[in-house]
Structures are given as structure tokens and as C-alpha cells.
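Visitor: Starting off with a structure, shown below.
The values are calculated or read from the model by the stated rules, or taken from the named source; none is laboratory data. For clarity, every value in this text was computed on a predicted model and none was experimentally measured. Counting neighbours? That spans all protein chains shown, and the Cβs are built from the backbone with ideal geometry, glycine included.
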Amino acid sequence: MVAQFHFENSFWTPNNYSGGITVLYDKLEQGKIENEEVVAFIRERISIEELYGKKLCDLSKISSRQDGFLRDDGASLRRSFEKVKNECCNLGQAHLQLASNLAEMVLQPLLKSKEEHAKRLKLSRDELTDYLKMYERLIGDVEKARINYQNKCKIADEIANEALIQRSLEKEKEKMRNEFQLLVVVLGEQSFTEEEIMKFFVRMRKEIPSQEVKFPILGVYNDVYTGEDIAKWLQENHLGARTLREAEMIGQELTDQGFLRLIGAYGNKFTSTSSAYYQWKPKSFNLRSTEEATPLSKGWGGLVSTITSNQPNEKRARKEADEADEAYRHAVRRLDKTRLHLEESMIDHLNFMERKELDRIKASKAAFLNYAATFSGIISTTQMMSERLLVYHEALNPEKDIQFMIERYRTGPFIPRVILYRNQYNGSANDQTFGVPLEEKAKHDLKYIPHIVTKCLSCITKGFSKWSDTDKRLVWTTDVPLASIHALRDNINDGEKVTLKKLREYDLTIVAGVLKLYFLELPECLLTFELYEPVKLLYSINPEDHDVETRLSSVSNLLTTIPEGNYRTLNAFVSHLHQLALSVDPNDKFITIITQIYGFILLRPANKTSFYFDDKHPTRLLKDLIVNYDSIFKNLNVTSSSIGEILRRSTSRDSLQSNKSTRSTRSTLSNRSSRTRESVANIRINTSPSMNNNKHIRDDQVKESENNENVTYINGSSPPNIATNINNMYTVYDATKSDSLVNSPISPITRSNHNKEDSISSNYGTGLGRRRGFRRTRGTSSPSGSISRSRRKNRESEIKNFNNDLENYDDGMSDSGSTESSSASPIISTRTYSFPNKSFVSVDDNTLEAVPITPEHNPKHPYFNEESE
């Protein structure tokens, strides 16, 4: 079955939506020119037919000469000639009628279709252009909001640090304030604190009568007190002023200390007479605000002012940072909603323009049919032309024209471009689910498989449990409007756990569609970008060069290179599809459709170019995963008892040392895994220009391949020695054989000194490597199957370093009393999982249950609890 492409999934560009739209509408603009060319041709043909018909009619009306046929009645020759002229007139009339039919049946419908198509194309392009401009403007606003948010956070953090310093100074200020309050004012024999002297002055101003006094030149003074009244009040109310002399001394102290001043005379002497007038100075109202304040008071006042002014700045800066955060979050949400609306509008316009482009081509097809039909009434000479046009008409296929245009000008499938809100402190997983990297989401959910995947699969499985197999398969193959999927996406895209209660509110096809959208919006495909080239290499090998078991074993080995969360998510998803496909043939239409839909979603390259559009290996890989699920995943899901025993003993005594060694080993394995993946991705299959049994030619090819590993052959065939090396490359590795040597870059190798300790460390290293996506490699084969001497020496050094990295772990394990693993144990393909309770489990693929690794049988625990929502 040939895959049918459509506009809605063929003209998308990941970084700029306008790229694919521009390519498509430029191509559609070409359709306008094509319509004009067809119309111009029909018009010219009508003009020619009209001119030709008129000329034929005029020719038939030419009179015979008087000295010719008109000289007599004539014989059979004259009558024959007149018939010939009449036939010429009939032919002219037929051509005139042909011109009229062309104008009515061909030209007029084409003109109407051309004008309507041009208007629709312009309106659609203008509307999408406006949407794209608004979207680009919002992207700029989000970037500005993000920069402003980061700047505000930086300023708030700096002010907060300054506030910490100021708070320490505030403590010092409090200490100095307490010392300042101990200052006293001495009047006579009595001492006053600041608070007491202020109350004392208030009583004096309240109880001593004041008056207004007018002085020449100086003017009128308010609130003036006489020296007599002040001395009298001091005698009555001050314990140290029992006599008038003592009262005058206290009044003099008030004047000397700056509390009173003499009015209307020079000097600063206090006299207890009614002609001496005094007025209170500002110091008597506030000791700290006077000009006579001590230097300590002045310095402390500046410090108080600084702290007081900085405290609002800190709150204001943090408030501005929070406001910038809210503005940034709001801008991202607004941009995301605009993007969703834009994608919906783009899909609607793409579907609409696909139909209209199809209608345009069909209109041209109908015009050509009518064009051919108009010649059916012409004489036999034009009938042949009409038949030829009918042949051309039959050869025209509008659907194929659409497919050709898509294959020639497409820019890529639908891959949404998600712009995440990233909190300065908490990342992006707390606020959204879609578009968040799988590893970050796993850390947030505390599970390898995201909640949305497990809940969607659980909802679908429970929802169609009573359906027929045909209806179950329709859930995954039915097209769902993007707006409906976006509605569910918006409901669950809050970073919280996805619950079955929310999912049950929607149709199962929408739940399946939102899971598909989740995989699409991942920043990296589920099978990772790095796996694209190795899988392409694997499926580009001639099926005759290796059997199915070898290919499936290679696929199983490749799956060990992907991260743990990706692997478990893939396992859960493919297991669900495998259950649906159990009752159908491997070549059934359902498997074909499901692999075409999800093959590119699960595996695609990082750099998207037009060269990968025709790659079939993603669909072939997904078909193998679904059809041969048990063969591919069984070894990766079975836990080795030997490794389980080693890991259990490693948690007993010397656990700290073992954990430290394990972390070191895992770090080494992770680094080696990266290099191994690069070596696998760089493998290329080179083929020979022609197969020749001549031994001399093969020897030349071998020598050339030994000198240059990048020998490129022209034709698709490959020499026998290359095919043999490729088969050896994907040979399944047997861990029970100590003398097995494998040239495959995706298979582990054995150590030369295979003793008891080496067996333990090798097995554990292999199992741990499987968990971390590590594959030990001996070397990459050249096209002739040979490895250069320098590369072999580097490999041996590299393997030696790796063995040294495992020595720490070997030392920790040698005391545990473990022995070599049984030959029946699936050591190499073991995948183990560690839970927080320190128990080790494996996962049953059929039931998705975690099986504890213990000496005795324990009850099975569900892989994920449906009720813990």
C-alpha cells in the first residue's frame, strides 16, 4: 500500500512555520500561471478555429467563372465540384460550431474556475501571513519578557544580598540606640532621661502662662514666658529649687544647655524678673533633631535613613521580579495559545487549499475532457485527434499530481515547535507536561515512564476492553481534529499528574491523539536522534546477507543504547500495540498504517533535510518491534539471577565502598557509551560497482579497502567479503563462551584473563552497561573486514583502561563469595531496576509488573498503580 501524503503533514518547518507555508503557496501561485496558460491556449485555439471555419465558408462561396463551369450546364465533373465546395462549407460550419463549443464548454468554466481559485488563494495566504506575523511578534515579546525577568531576578538577588548586610548593621544600630537612651539631662541636683526631660518640658509649657510680646523693630513674639513665672514654677515643681536662687540656677542651666533663649536683649543670662522674656528653643521639643546633636547621633541618623530607604527597595525589587515573572509566564502562555490557534488555522488552510488545488486540477481535467468531446462531431480526420486527446485525458490523474507536488516540494512533516516556560529556579517540569524533556519529566514524576503515557495507555486499555479487535485498532488509526486534541492537551498541560478522571471525559481517539502529540512535542524523539543512522545502516543491509534472527538481535542490542526512561516508555507503548496486532497478519493493513503514522514520530534525525523523506527504516523498525516484540524485548526484560545475587550482596557489608566504586564505574561506562554510540553511527555500507568473480579484481578491492576505510562503490551490490563482514558484525554474542571474538561494534568483548574475579566484574560491567546504555566494542570493521595496526593498538589500550576502571568493583565483589554465572543465565541482555526500598526487580513485558529478585518467590507488585492518582 502506497502512503498517501497530505498538505497538513508535509509543509512544516520546525524553527519557522512560515518556511513551509512560503514553499507551498509559491507552488500554488504557480497554479495560477498554469491556469492562465491553459486559458490563453484555449482562446488562441478558438480564434484559429473561427478563422479556419470562416475561410472554409468563404472558399465555398467563390463563384465559378463564366468561361468555366458556367459556360454550360456541365456534366458530372461540375456536379462533383459543387459537392466538393458544399462539403467545404459544411466543414467550415463544423469548425465554427467547434469554436462555439470550445468557448461555451471549455473556456467559460475555466475562466470562472481561474478567477475563484485566484481569490481563494490570495485570501488564504493573506490570512495565514497575518497569523504568522502576529506569532513572530509574540515570540519577540516572549524573548523580551524572558530577558526582563532574568534581569529583575538578578537585581532582586543583589538587593537581597545587600539587605543581609544592612540587617547586621541594624543590630548594631539597636545596640547604639540603647546606649543613646541612657543619656541624661542634669538640672540642678536632679537627673532626667530623654523621655523624662521631654515630659518635664511639656508640663512647663502647659502650666506656665505664655503671652505675646511686641518689641520695637523686632516685632511680635508668640509663646513668650517671663523669667519670674519660670522661676516660680521651678520652685513649686522642681525638687532641687527650694529657693529663688536655686530656681535661677536651674533656669540658667536650661539656657546654657540650649532649651531656653532670651528675647529682646543680648546675652544668655537667666533672671527671675517680669521684664526678662524667654522662649523655648527646638531642642526642648526633640533632643535628636537639634543642631546641637552629638556626632554619634548624626552618624546614626544617616544609618537609619539608609536602612529605612533600602527596605522598600528590596521589597520593590522582589515585587518587580515577581511581576516580571508573571508577565513572562503570561507571555509564554499567550504565545502557546496563539501557536495552537495558528497550528489549527494552518491545518485548516492546508486542508482547504489541498481540496481547492485538487479542484483546480480536476477543473483542468474536465476542461480537457470537454475539449476532446468537442471534436467528436468533426469529420474522421479530427476523430483521431479526439481519440488521442482521450488517451491523454485518461493519463491525467489529479491525485498523483498532488502526490508529485508534495514529494517534490514538501519541507517536512508536522512537528510542533514548543516554547517552554522555564522558571529561573525550578526548571520547566513544574508548569507543563508537553515539550518537557523525558529525563526532566521523569525526575519530576519520580518515575521512568511519564504519567501521561501510563495513564493514556491505561485509559485506552480499560476503555475498549469490551470492544471488538477491529474497533480497538481504529482508536489508533482514526484521524482526530487537532482542535480536539489541543483541548485535552490544554486541560492536562499543567505539570501535575495526569489522572484517569480527566482522560475519561474525552473520546478514546482523542486520548490516543494527545499521546501521539506528546511524543511529537518531545524535544528529542523517543528512540533518540543518535539511533537514526545505526538503524538506517541495519536495515540497508541486503536481507540475503543476514537472517531475521540476526537482525532482531541487532535491534535488541541497539535498544540498550537509549536512556532508561526512553526504553521503558517505548516498551510500554510497543507492548500495547503488540497486543492489538496479535490477531492480525504481519502484513495487515493495520500494521502498515500504524507504522507509517508512528514510525517517524518515534525515530527521526536531528538535522531534518529533504534526504530523509524517503527513508523507510523507521517504519520497518516499528514493524519489527510490534510483530517481533517478544523476540526483541524478552532478553532485555529478563533479570539475571547472577547479577541480582551480586547486587544484593553489594548492599550488605562495605556498602559505602561499593557504592563509591559503582559510581566511579558508572561514570566510566557512561563515557565509553558515548564513544561506542558514535562508532556505531559512523558505520557506512560501501558497495562495489559491479560483481565480478575475477579474483584479481577482488584482491585489488581488498588492498584498496585496507589503505582507505572510506572506499565508496557506485552500484548497490557489495563484494562477498563485505557482505560476510556485515554478517559477522551483527552476530549474536554468547557470553557463556570465553573464546568468542565478535567484530560487531554493538556487541561486548571478553577479557583475556578470564578468571573468577574477571567473570564477576565482566558480568556486572555488562549488566550495568546495559542499564546505562553502554556497549563495549572491539573495533569497527573496515569495508574489507580488516582493522589497521594503529587502531588495534588503540583498542587494546582502551580495553585495558576499561578493565582497570572495573578493578575497584572487582575488589568489592571478590569477598562476597559469588561464583561464575551459569551458562544459561541471560547475562548480556539483562536489564535491572533499583527501587527506593533497595530491592532489585525486573519487569514482565506481558503484564507490565515488577518482579522482585529474591531467593524465594514474592508476590508480584503492579508496575504502576491505577488507583494512586
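Visitor: Considering only the stretch 246-259, state which residues are surrounded by 15 or more Cβ atoms within 10 Å (Cβ to Cβ) and not aromatic (Phe, Trp, Tyr). Steps first, answer last, please.
Guide: First pass over the stretch 246-259, keeping only residues surrounded by 15 or more Cβ atoms within 10 Å (Cβ to Cβ): 246-255, 257-259.
Those that are surrounded by 15 or more Cβ atoms within 10 Å (Cβ to Cβ) and not aromatic (Phe, Trp, Tyr): GLU246, ALA247, GLU248, MET249, ILE250, GLY251, GLN252, GLU253, LEU254, THR255, GLN257, GLY258.
Visitor: Something else: Take the conditions in contact (Cβ under 8 Å) with a residue 40 or more places away in the chain, crowded, with 17+ Cβ neighbours inside 10 Å and out of contact with any Phe, Trp or Tyr (no Cβ under 8 Å at 6 or more places or on another chain) and apply them to GLU50. Does it pass?
Guide: For GLU50, the condition - in contact (Cβ under 8 Å) with a residue 40 or more places away in the chain, crowded, with 17+ Cβ neighbours inside 10 Å and out of contact with any Phe, Trp or Tyr (no Cβ under 8 Å at 6 or more places or on another chain) - is met.
Visitor: Can you pull out the residues in the stretch 130-155 that are surrounded by fewer than 19 Cβ atoms within 10 Å (Cβ to Cβ), among the hydrophobic types (A, V, I, L, M, F, W, C) and within 21 Å of SER345 (Cα to Cα)?
Guide: LEU132, MET134, ILE139
For (1) surrounded by fewer than 20 Cβ atoms within 10 Å (Cβ to Cβ); (2) without any contact (Cβ under 8 Å) to a residue 12 or more places away in the chain, each residue gets a yes or a no:
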| residue | (1), (2) |
| --- | --- |
| ILE485 | no, no |
| CYS525 | no, no |
| PHE529 | yes, no |
| LEU538 | no, no |
| GLU549 | yes, no |
| VAL555 | no, no |
| THR560 | no, no |
| ASN571 | no, no |
| LEU582 | yes, yes |
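Visitor: Determine which single condition THR243 fails, assuming it passes every other condition in (1) of a type in the set (Val, Ile, Thr); (2) surrounded by 12 or more Cβ atoms within 10 Å (Cβ to Cβ); (3) more than 20 Å from SER275 (Cβ to Cβ).
Guide: (2)
Visitor: Taking the stretch 507-528 only, how many residues are assigned to a helix (DSSP H, G or I) and within 16 Å of ASP490 (Cα to Cα)?
Guide: Matching residues across the stretch 507-528 total 11.
Visitor: In addition: If ASN491 passes every condition in (1) within 18 Å of ILE594 (Cα to Cα); (2) without any contact (Cβ under 8 Å) to a residue 24 or more places away in the chain; (3) in contact with an Asp or Glu (Cβ under 9 Å, 6 or more places away or on another chain) but one, which one does it miss?
Guide: ASN491 satisfies every listed condition except (1).
Visitor: I'd like to check something: does the stretch 50-67 contain any residue that is of a type in the set (Val, Ile, Thr) and not in a helix (DSSP H, G or I)?
Guide: Within the stretch 50-67, one or more residues are of a type in the set (Val, Ile, Thr) and not in a helix (DSSP H, G or I).
Visitor: Considering GLU127, GLU104, GLU87, which residue is within 60 Å of the chain's Cα centre (by Cα) and over 27 Å from ASP348 (Cβ atoms)? Spell out the reasoning first.
Guide: Values: GLU127 fails: over 27 Å from ASP348 (Cβ atoms); GLU87 fails: within 60 Å of the chain's Cα centre (by Cα).
Step by step, each of GLU127, GLU104, GLU87 is checked, and only GLU104 is within 60 Å of the chain's Cα centre (by Cα) and over 27 Å from ASP348 (Cβ atoms).
Visitor: Condition test on VAL453, is it buried (at least 19 other Cβ atoms within 10 Å of the Cβ) and either of a type in the set (Val, Ile, Thr) or over 22 Å from GLY599 (Cβ atoms) (or both)?
Guide: Answer is yes for this residue.
Visitor: Would you confirm, using the coordinates I've provided, whether TYR371 is farther than 30 Å from LEU123 by Cα, crowded, with 17+ Cβ neighbours inside 10 Å and within 34 Å of the chain's Cα centre (by Cα)?
Guide: Values: farther than 30 Å from LEU123 by Cα: yes; crowded, with 17+ Cβ neighbours inside 10 Å: yes; within 34 Å of the chain's Cα centre (by Cα): no.
The answer is no for TYR371.
Visitor: Any residue in the stretch 54-65 that is at positive phi sitting within a Cβ distance under 8 Å of a residue that is surrounded by fewer than 13 Cβ atoms within 10 Å (Cβ to Cβ) and at pLDDT below 85? List the pairs, counting only those 6 or more apart or interchain.
Guide: Every condition considered, no pair remains.
Visitor: Continuing with this model, one more query. Restricting attention to the stretch 549-563, does a residue exist that is among the polar types (S, T, N, Q) and either part of a loop (DSSP other than H, G, I, E, B) or within 26 Å of the chain's Cα centre (by Cα) (or both)?
Guide: Within the stretch 549-563, the first condition is being among the polar types (S, T, N, Q), and the residues that meet it are 550, 553-554, 556-557, 560-561.
Keeping just the survivors that are either part of a loop (DSSP other than H, G, I, E, B) or within 26 Å of the chain's Cα centre (by Cα) (or both) gives 560-561.
Yes, because at least one residue in the stretch 549-563 is among the polar types (S, T, N, Q) and either part of a loop (DSSP other than H, G, I, E, B) or within 26 Å of the chain's Cα centre (by Cα) (or both).
Visitor: Determine, yes or no, whether SER168 is at pLDDT below 85 and touching a strand residue (DSSP E or B) at 6+ places or on another chain (Cβ under 7 Å).
Guide: In short, no.
Visitor: Quick one: THR13 ticks every box in (1) crowded, with 17+ Cβ neighbours inside 10 Å; (2) without any contact (Cβ under 8 Å) to a residue 40 or more places away in the chain bar one, so which box is it?
Guide: Against the list (1) crowded, with 17+ Cβ neighbours inside 10 Å; (2) without any contact (Cβ under 8 Å) to a residue 40 or more places away in the chain, THR13 comes up short only on (2).
Visitor: Being over 30 Å from LYS362 (Cβ atoms) and not aliphatic (A, V, I, L, M) is true for just one of GLY68, GLY31. Which residue is that?
Guide: Within the list GLY68, GLY31, the selection yields GLY68.
Visitor: Something else about it: Go through the stretch 401-427 and give me each residue that's under 24 Å from THR13 (Cα atoms) and either of a type in the set (S, T, N, Q) or outside any loop (DSSP other than H, G, I, E, B) (or both).
Guide: Correct list: ASP401, ILE402, GLN403, PHE404, MET405, ILE406, GLU407, ARG408, TYR409, THR411, GLY412.
Visitor: Sticking with this structure for a sec: Kindly indicate whether ASN148 is touching a residue at least 60 places away in the same chain (Cβ under 8 Å), polar (S, T, N, Q) and in a helix (DSSP H, G or I).
Guide: yes
Visitor: What about ILE33, is it surrounded by 16 or more Cβ atoms within 10 Å (Cβ to Cβ), part of a helix (DSSP H, G or I) and modelled with pLDDT of 90 or more?
Guide: no
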